[in-house]
Amino acid sequence: MKFLIFEMKTVCYNSYLYFGDSIGYALAKFGHEVEYFKVDEDRLEDLENFVGQKYDALIDFNSDLSKLFMDDDTYFLDHIEAPFFDVILDHPLYHHDSLKQKIKNFNVVCLDSRHKDYILKYYPHIKSVSVTPMTGELAFGHDSIDWDSFENRPYDIIFSGTYTDPVRIETAINKMPEIIVENVYQLIDMMTADSKLSIEDAVDILSQNEFYDYINSDKPLHTQSFYLADTYIRCINRKKLVQALDKTSHNFHIFGALWEELDLKNATLHREIPFNLTFTVFAKSKISVNIMPNFKAGSHDRVFSGQLNGAVSLTDSTTLLRSEYKDLENILFYDLNNIDAVTEKVDAALSDETGLKKIAQAGYEIASKNHTWTNIAKVILQELSN
């Protein structure tokens, strides 16, 4: 088969570029032909060269291509003979303007089965929705994990990611129309009180109030307008988690931007690094920390990237992770409703490095079996065979 992979965005520490290259490499290993359009190498005008071409599939990440029109107001993607796969790396609410476009052969890959349900419910023109988390790989220069030197890893605990002060989100919320401000804070209150609630769960509850029946007129549109409620919860949970980890009696390293804005007493701050270099950091860590971006049934790639480099993943749980992993056996789970307890949990785990290494080894085995780029390529190939 012949694939065309678009790498249109250089955001998020170049993670999109890494994901595109990795899926392409996995497909090529299966014997398929892979072409790339890379925004940092190719000219946007050259997209016209694909008009009239034929492929077995087009792949992009958090794509805007579905919103691209020709001069005659027809969709650009409809002029390429191929199914289009948009790999959605966030909640679908952030991509409403793309997902609502009715291109002829629109398919989605998402990271969470709840996201799949949302897309199928509100975007019935989309032909298929597959679910698979993204992943990582063994750090460059490593052929295998040296388990004998696990105890000598220099970083006890690491977290990679950007800090956004929740006050900034509050400022943005307060600039919205009054009814939206009111609804967003109500959604925040609901999701704060019950961490199991997703943003769509909270919107469903809110829309049952007769005063907010307007939401039901176009629920995906209005859910999109409430995006700052989801963003705020993500930011406040990340802040609370890092503050709890800052209280541990072990060394804690953060790689990412803007953490100097948070008053941390013990954490060692490092500058942000390109996505593919995070694997080198994971390979030097005993515990790799993840916090879900409000996923309830999927996973962030940090979980598996850490495990594939021999670190124990510390994360809030989801239905996917609970179906594959068990706390204290092959992973460490914490509860969003009791984030402060993570301090004691991490200190206890690091006080028994022999036991911690066993957790790391067991987690590595599961990630190596279930969460590789080969697994992800198989999901796409399976969808094409249906």
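A short reminder: the numbers here are calculations on the coordinates, not readings from a lab. Everything numeric here is computed off the predicted structure, so don't read it as measured data. Cβ: placed from backbone, ideal geometry, glycine included. Neighbour counts: every protein chain shown.
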Margin query: Counting other C-beta atoms within 10 Å, and keeping those with at most 14, which DSSP coil chymotrypsin sites (Phe, Trp or Tyr not before Pro) do you find in the range 276-347?
Written below: none
Check: Taking amide H positions as placed 1.01 Å from N in the peptide plane, with prolines and chain starts having none, which residues 5 or more places from Ser160, or on another chain, fall under 5 Å of its amide H?
Finding: Phe255, Val289
Next item on the list: State the volume of the convex hull built on the alpha-carbon positions of the range 136-370, expressed per residue in Å³ and rounded to an integer.
Entry: 125 Å³
Checklist line | Spin-label pair Asp218/Thr280, simplified geometry with 7 Å Cα→Cβ offset, distance in nm | finding: 4.8 nm
Notebook entry, point to check: Between Lys29 and His250, what length comes free when the chain is fully extended (0.36 nm per residue of separation minus the Cα-Cα distance, one decimal in nm)?
Noted result: 75.4 nm
Margin query: Can you show me the helix-derived [θ] at 222 nm for the chain, built from DSSP H runs with n ≥ 4 at -39,500 (n - 2.57) apiece and divided by the number of residues, rounded to the nearest 500.
Written below: -11500 deg cm²/dmol
Note to self: What distance in nm lies between label points placed 7 Å from Cα along the C-beta direction at Leu384 and Asp146?
What the structure shows: 4.0 nm
Check: To the nearest 0.05, how large is the calculated FRET efficiency for Arg271 and Asn337 if R₀ is 41 Å and r is the Cβ-Cβ distance?
Finding: 0.80
Notebook entry, point to check: Among Leu111, Leu308, Leu221, whose mean-square fluctuation peaks in a Gaussian network model of the chain (Cα, cutoff 10 Å)?
Noted result: Leu221
Next item on the list: Give the long-range amide H neighbours of Ala57: residues separated by 5 or more places, or on another chain, with amide H under 5 Å away, using H modelled in the peptide plane at 1.01 Å from N.
Entry: Lys2, Leu4
Check: How high is the FRET efficiency from Asp347 to Asp73, r the C-beta distance, R0 51 Å, rounded to 0.05?
Finding: 0.25
Note to self: Using DSSP to call loops (not H, G, I, E or B), can you name the GluC sites (Glu not before Pro) in the range 307-381 whose Cβ has at most 16 other Cβ atoms within 10 angstrom?
What the structure shows: Glu329
Checklist line | Sites matching GluC sites (Glu not before Pro) across the range 1-45 that sit in DSSP coil, with at most 16 neighbouring C-beta atoms within 10 Å | finding: Glu41
Notebook entry, point to check: Can you give the Rg and Dmax of the range 117-209 based on its C-alpha atoms, in angstrom?
Noted result: 21.2, 59
Checklist line | Global form of the range 8-108, assessed from the alpha-carbon gyration tensor, a/c cut-off 1.5 | finding: rounded
Check: Measuring from the lowest to the highest alpha carbon on each principal axis, how far does the range 60-103 reach, largest first, in angstroms?
Finding: 31, 18, 13
Margin query: Quick check: residue separation of Glu260 and Ile179 times 0.36 nm, minus the Cα distance between them. What number comes out in nm?
Written below: 25.7 nm
Checklist line | Alpha carbon convex hull of the range 59-167, volume per residue in cubic angstrom | finding: 197 Å³
Check: How large is ³J(HN,Hα) for each residue in the range 164-175, as worked out from phi by the Karplus curve 6.51 cos²θ - 1.76 cosθ + 1.60 (θ = phi - 60°), to whole Hz, x for Gly and Pro?
Finding: 10, 5, x, 4, 5, 5, 4, 4, 5, 4, 5, 8
Next item on the list: Can you tell me what the convex hull of the Cα atoms of the range 253-386 projects to on average, as an area in nm²?
Entry: 9.4 nm²
Check: In whole Hz, what ³J(HN,Hα) sequence does the range 50-61 give by Karplus (6.51, -1.76, 1.60; θ = phi - 60°), x for Gly and Pro?
Finding: 8, 4, x, 7, 10, 9, 7, 6, 10, 10, 9, 10
Checklist line | Theoretical gain in end-to-end length, Lys240 to Lys369 [0.36 nm per residue, Cα-Cα removed] | finding: 43.2 nm
Check: Across the range 22-28, in residue order, what do the Karplus-derived ³J(HN,Hα) couplings come to in whole Hz, using 6.51 cos²θ - 1.76 cosθ + 1.60 with θ = phi - 60° and x for Gly and Pro?
Finding: 6, 5, x, 5, 5, 5, 5
Notebook entry, point to check: Non-local amide H neighbours of Phe37 (under 5 Å, H modeled in plane, Pro and chain starts lacking H): which ones?
Noted result: Ile5, Phe6, Glu7
